[in-house]
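*Asks:* Encoded as structure tokens, here's the structure I'll be asking about.
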Amino acid sequence: MPTEPDMGTDIAALCDTIEDCYEFTLSYAARGLTTDEDSDAGRQLREKLTHALAAIRGLEAATRAAAAQLQASQGKKLEAFIAVLSRDAQSSSAVVDMVLAQPAIGSQLIDNLNASIHLRALLTDLFLITEMVAAQQARVAGRSAV
């Protein structure tokens with residue numbers, strides 16, 4: 001009997017990348033640095049922000065792939081949620097991209113990034129979609145165990 005593909009893998013990896021970056025930026029903001037130049041923390045910050053930006057840009061496609069396998073009864077509601085996630089991802093992408101464009105990134109700038117309503121909305125969207133995918137996987141696993 002063929003097994004269903006793991007619909008959560010791609011989206012979970014993207015979410016993990018974004019959440020990892022957010023956790024790092026929280027610690028970076030607490031350091032009180034005036035610049036990221038010539039420091040390991042600064043190089044790591046730019047690397048994590050760059051990876052998070054790529055993950056944010058891949059969210060809509062990964063969510064659509066996961067949504068294709070969620071229950072059909074959620075169709076229009078799920079499509080509306082994907083539209084919200086897409087808008088939040090676009091806003092977050094613009095904010096992160098702007099931060100990365102700065103010649104020097106200090107702790108205060110990162111603290112403001114962390115407080116951005118756009119980034120917080122996206123993180124909440126991620127928590128929602130990962131919970132929905134996990135619940136669907138549990139339902140599928142329950143049916144295949146029968």
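*Asks:* Please give the FRET efficiency for GLU37 paired with ALA94, using the beta carbon to beta carbon distance and R0 = 22 Å, rounded to the nearest 0.05.
*Replies:* Using R0 = 22 Å, I get an efficiency of 0.40.
*Asks:* I want the local charge near ALA89. Using Cβ-Cβ distances under 9 Å, sum +1 for each Lys or Arg and -1 for each Asp or Glu among the other residues.
*Replies:* Neighbourhood net charge equals -1.
*Asks:* Which distance in nm do the two modelled labels at PHE127 and THR50 give, with both placed 7 Å along the Cα-to-Cβ direction?
*Replies:* 3.1 nm
*Asks:* Given Cβ point charges of +1 (Lys, Arg) and -1 (Asp, Glu) and nothing else, what value in debye, to the nearest 20, does the dipole of the chain about its Cα centre take?
*Replies:* The dipole magnitude comes to about 560 debye.
*Asks:* Tell me the label only: which of (1) 34, 15, 11; (2) 59, 25, 12; (3) 54, 27, 12 is semi-axes √(5λ) of the Cα gyration tensor in Å as calculated from this structure?
*Replies:* (1)
*Asks:* Let me ask you something else. If you take the beta carbon distance between GLN137 and ALA68 as r and set R0 to 25 Å, what does 1/(1 + (r/R0)^6) give as a FRET efficiency, to the nearest 0.05?
*Replies:* 0.95
Throughout, read-outs are computed from the coordinates displayed, never taken from laboratory work. Note that the coordinates shown come from a computational prediction; the quantities given were computed from them, not determined experimentally. Glycine also receives a Cβ, built like all others from the backbone with ideal geometry; neighbour counts cover every protein chain displayed.
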